[in-house]
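The values are calculated or read from the model by the stated rules, or taken from the named source; none is laboratory data. Small disclaimer: the values here were computed from a predicted structure and weren't measured. Because the Cβ atoms are built from the backbone with ideal geometry, glycine has one as well, and the counts that use them run over all protein chains shown. To get the accessible areas, we keep the full protein, side chains included, count just its heavy atoms, and leave off ligands, DNA and RNA. Shrake-Rupley method; radii C 1.70, N 1.55, O 1.52, S 1.80 Å.
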Amino acid sequence: MPVDTPAFEALPGHRQSFGPYRVCLVCLGNICRSPMAEVVLREELARAGLAGAVTAESAGTGDWHVGERMYGPARAELGRHGYDGSAHRARQIEPSWLAACDLVVAMDRHNLAALRAMAPDPETAGRIRLMRSFDPALTPRDPYRGEVPDPFGGTDEEVALAFGLIDAAAKGLARQLAGFLGTQPAGR
C-alpha cells in the first residue's frame with residue numbers, strides 16, 4: 001500500500017514568537033516507540049546544535065501505562081546503541097498539549113487519527129505528522145506503510161526494527177529542523 005504522508009513536507013511554523021520549537025512524539029502507551037523516539041531525537045538535536053532551540057517530549061494516546069518505566073526490551077535496545085532511557089516515565093497526551101506544540105509526531109496511523117480527532121481546529125491538526133514521514137529513505141512501496149510497527153510484546157527483532165525505523169526518521173527530522181531553524185547539523 002502506498003505511503004500517503006509525503007516525506008519532507010514543510011514543517012509548521014512556531015506557534016509563539018519566543019521560546020524553543022516544541023515537538024511531541026506520540027504512540028499508544030508511551031512505553032516503547034515514542035520514548036525511544038524522544039531519546040534518539042534529543043541526541044540528534046544535540047548533535048545538530050539545536051538542544052536549546054528545540055525541545056522533544058513524548059506521550060501516549062492511551063492511559064494504561066501512565067507512570068510506568070519504558071518497556072524493558074525498548075530500553076535495552078536503546079542501550080545497545082549507547083542511549084539511556086532509564087529516566088522515562090509514561091504520560092498520556094492531553095488535548096490542551098496540542099495547542100502548545102509546534103509539531104506532534106505520531107508513530108502510526110491509528111495514533112495519527114486519534115491525535116487529529118483531538119485537535120481543536122484544522123491548523124492544529126495540520127501540525128500532526130507521521131514519524132517516518134521524516135525518513136529520507138521512505139518510499140511509496142514501504143512494507144510498513146510509513147508507520148513504526150508497535151513492538152510491545154514482540155520479539156527482540158521487532159524492537160530492533162522499530163528502533164531502526166525511528167533512528168532513520170529522527171535523523172531526518174533533526175536535519176529538517178536544522179534547515180528550518182537556519183543551522184547546519186554538526187558532523188553531517
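Quick notes
- Remark: the stretch 131-140, residue by residue, has Karplus-estimated 3J(HN,Hα) of 3, 6, 5, 9, 7, x, 8, 5, 10, x Hz, where x stands for each Gly or Pro and the curve is 6.51 cos²θ - 1.76 cosθ + 1.60 at θ = phi - 60°.
- Peptides 54-67, 142-155, ordered by how many other C-beta atoms sit within 10 Å of their residues on average, highest first, read 54-67, 142-155.
- The stretch 89-140: proportion of alpha-carbon pairs further apart than 14 angstrom, %: 53 percent
- By average C-beta atoms within 10 angstrom, highest first, the peptides 115-127, 9-21: 115-127, 9-21
- Percent accessible area from carbon and sulfur atoms, the chain, protein chains only, probe 1.4 Å: 55 percent
- Average Cα contact separation per residue, the chain, under 8 Å, 6 or more apart, as relative contact order %: 31 percent
- The mean accessible area for residues of the chain, using a 1.4 Å probe and ignoring ligands and nucleic acids, is 45 Å² per residue.
- Rg ratio (alpha-carbon, reference 2.2 N^0.38 Å) - the chain: 0.94
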